[in-house]
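Throughout, read-outs are computed from the coordinates displayed, never taken from laboratory work. Because the structure is predicted, anything quoted here is derived from the model rather than measured. For neighbour counting, all protein chains shown are included, and Cβ atoms are generated from backbone atoms with ideal geometry for every residue, glycine included.
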Amino acid sequence: MPSQHNFTEEPFSGDNIKEIHQLFEKDAGLYSIPLESFKNASINDPDFDPEFSMAFRDEDGRILAAFMGLKRTTKITILKREVNYKFSIINLFVVARQYRRKGIGSAILSELLHRMKKRRIRRVRVMSSPPNYLWPGLDPRYTAAYFFLKKNKFKRKGKEHVNLVHEIPNKLQEPAKKLGEYTFTRINSSDIESTKDYIKSNHMGMWPKEFQFSINNKPFTTFIAKDGSGEVIGFASHSIGFPGSFGPTGVKKSVRGKGIGGILLKWCVWDLKQQGIEQMIIRWVVGDTMKFYCKSLGARIDHVYWNMKRRI
């Protein structure tokens, strides 16, 4: 595939991932993603399946196209119970500019969807692949990608997802380490299990899984709040997905409205500044949460993402 060309296919691997990343950096446009973040979203993803990864070389041995899909089977927390949740994604795709409008991308996508269908996948969406993701959907500024997906029977569904951006000031004071009885610290190894238990008990969805990715960073990129008895009552994570990203974050319902969430947020901003990062990208913001970030940080809407889905 594509059969009419003398191209060779290979799966994504540690041997070719740097070349694939270079193609995305050169021809995907709009975003620049560090190589390590790209690896984490592809070959290092816990659900990576070589059969759903397709890179093609031209007659000169250069990678001209790369597509990747994922089949997620993960646990999410609903009403303090863990349940299995399954969904599938086309999370990465690119065709070199000189090979576009020749039917190559459509042929590769058709083959990828065929492989997914053989594995009993019936629905697929684009790019929004929590708990491990780069983008919460398709950025419609990728105009060519939108019309490519539309041509291949993907439709826009549901609500938009929004990323906010906060320009980190040059001068920052270290945030408070204490607020009344509450203390704020970077998570350490002895806090991991209690923080995970807190998130499972107080927050729904994939946040427990997303939090786990922050523990892969060195140093850990989660800050926690504890009450006077040492119980975790809030958390905030950053640099999950890529350096400078923010979220998830949450505070126990019974202690909200006391400024705890704001201080946790400021610790993440401060930590990013110490790393030389100038922007914080607040990902996948919905509802009134947007107002909180605008009020507390002066954050603004940065990018809007569309849900693109189709049946196979």
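Which residue, of Leu92, Leu113, is farther than 23 Å from Arg62 by Cβ, within 24 Å of the chain's Cα centre (by Cα) and either outside any loop (DSSP other than H, G, I, E, B) or aliphatic (A, V, I, L, M) (or both)? Sole residue among the options that is farther than 23 Å from Arg62 by Cβ, within 24 Å of the chain's Cα centre (by Cα) and either outside any loop (DSSP other than H, G, I, E, B) or aliphatic (A, V, I, L, M) (or both): Leu113.
Among the residues of the stretch 75-109, just one is over 20 Å from Ala28 (Cα atoms) and of a type in the set (Gly, Ala, Ser), namely Ser88. Candidates are the residues of the stretch 19-33 that are surrounded by 13 or more Cβ atoms within 10 Å (Cβ to Cβ) and closer than 24 Å to Asn216 by Cα; the one that is nearest to the chain's Cα centre (by Cα) is Ile33.
Checking each residue of the stretch 243-250 against the condition of being free of Cβ contacts under 8 Å to residues at least 12 places away in the same chain and not β-branched (Val, Ile, Thr) gives no match. Of the residues that sit in the stretch 17-31 and are charged (D, E, K, R) and in contact with a helix residue (DSSP H, G or I) (Cβ under 9 Å, 6 or more places away or on another chain), which one is nearest to Thr143 (Cα to Cα)? Filtering the stretch 17-31 for residues that are charged (D, E, K, R) and in contact with a helix residue (DSSP H, G or I) (Cβ under 9 Å, 6 or more places away or on another chain), the one nearest to Thr143 (Cα to Cα) comes out as Asp27. Among residues of the stretch 34-61 being free of Cβ contacts under 8 Å to residues at least 12 places away in the same chain and of a type outside the set (S, T, N, Q), the one that is surrounded by the most Cβ atoms within 10 Å (Cβ to Cβ) is Glu36. Pairs are defined by a Cβ separation below 9 Å, a sequence spacing of at least 6 or placement on different chains, a first member in the stretch 215-229 that is closer than 25 Å to Asn132 by Cβ and free of Cβ contacts under 8 Å to residues at least 60 places away in the same chain, and a second member that is among the basic types (Lys, Arg) and assigned to a strand (DSSP E or B); the pairs so defined are Pro219/Arg186; Phe220/Arg186; Thr221/Arg186; Thr222/Arg186; Phe223/Arg186; Ile224/Arg186. Is it the case that some residue within the stretch 257-267 is assigned to a loop (DSSP other than H, G, I, E, B), among the basic types (Lys, Arg) and within 22 Å of Lys209 (Cα to Cα)? The answer is no, given that none of the residues of the stretch 257-267 is assigned to a loop (DSSP other than H, G, I, E, B), among the basic types (Lys, Arg) and within 22 Å of Lys209 (Cα to Cα). The set of residues in the stretch 63-96 that are surrounded by 12 or more Cβ atoms within 10 Å (Cβ to Cβ) and among the basic types (Lys, Arg) comprises Lys71, Arg72, Lys75.
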